[in-house]
1. Mind counting the residues in segment 115-142 that are touching a residue at least 12 places away in the same chain (Cβ under 8 Å), part of a helix (DSSP H, G or I) and open to solvent by 40 Å² or more (accessible area, probe 1.4 Å)?
2. Being at pLDDT 85 or above, within 18 Å of TYR157 (Cβ to Cβ) and surrounded by 18 or more Cβ atoms within 10 Å (Cβ to Cβ), is that true of even one residue in segment 79-88?
3. Residue by residue through segment 51-70, note down the ones that are over 12 Å from GLU128 (Cα atoms) and among the charged types (D, E, K, R).
4. Within segment 37-52, how many residues are surrounded by 15 or more Cβ atoms within 10 Å (Cβ to Cβ) and farther than 20 Å from TYR162 by Cβ?
5. Scan segment 143-186 for residues that are open to solvent by less than 70 Å² (accessible area, probe 1.4 Å), outside any loop (DSSP other than H, G, I, E, B) and acidic (Asp, Glu) and jot them down.
6. Of everything in segment 12-51, what is touching a helix residue (DSSP H, G or I) at 6+ places or on another chain (Cβ under 7 Å) and modelled with pLDDT under 85? Give them in sequence order.
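The values are calculated or read from the model by the stated rules, or taken from the named source; none is laboratory data. As the structure is a prediction and not an experimental result, all values here were calculated from the model. Here the Cβ positions follow ideal geometry from the backbone for every residue, glycine too, while neighbour counts run over all protein chains shown. Note: areas computed on protein heavy atoms with side chains; ligands, DNA, RNA excluded. Shrake-Rupley method; radii C 1.70, N 1.55, O 1.52, S 1.80 Å.
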Amino acid sequence: MKIKEVLSSNQSIEKTVEIAENLKNDFIEETIKFVPQWYESILNKFILTFPPAADKLTVEHIKNMKKELKLLQDSIHIELTDILTRDQYWWHSGQITEVPRDFYKDIDNLLDFDLRVLFGKIGDVLEEYGFIKKNHFDGDKGFVSHKDGSNKYYFEYVYPIYWSDMMKRRMDNYWENYKYYLSIKK
């Protein structure tokens, strides 16, 4: 959807909010497409760039890794949807009473930890096959492990996360719609 399609002259506030909801859903859909692809690219990167662990992999190990990857890819959409549908991230939900004009710049920060933990879920597969270790700082490989309140380990991805072009485009359209909303709300 192009920005010109988002904004039409004499667009009502209600229509603007309706468009924002559609754009939010488009962003979520793009994110659900992106994350499983990202998992696969990270797994392949580790297999290619960390020979000590990769050299120990048998054909059976790789087959099992791919199965675990597929299970993760198939299951992650539920958690992503749960996080990305939270009203705290979306101006049009009505839950955010004061939306600063530069809120868009902060969306990465708002989503940051939750997404880093979701991205870190591939760390469990990497750890199982010897690429990274729990209870060890593997920040140089992009993953750090933490213990939660019940003493279970989880991984956080600590390198920068770059959204896909479509995710960026959807979010840009969402915020252009918000700027238009501000102009007609006055």
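1. Total meeting the criteria: 4.
2. yes
3. ASP55, LYS56, GLU60, LYS63, LYS66, LYS67, LYS70
4. So the answer is 2.
5. If the condition is that a residue be open to solvent by less than 70 Å² (accessible area, probe 1.4 Å), outside any loop (DSSP other than H, G, I, E, B) and acidic (Asp, Glu), then GLU156, ASP172, GLU176 are the ones that fit.
6. ILE13
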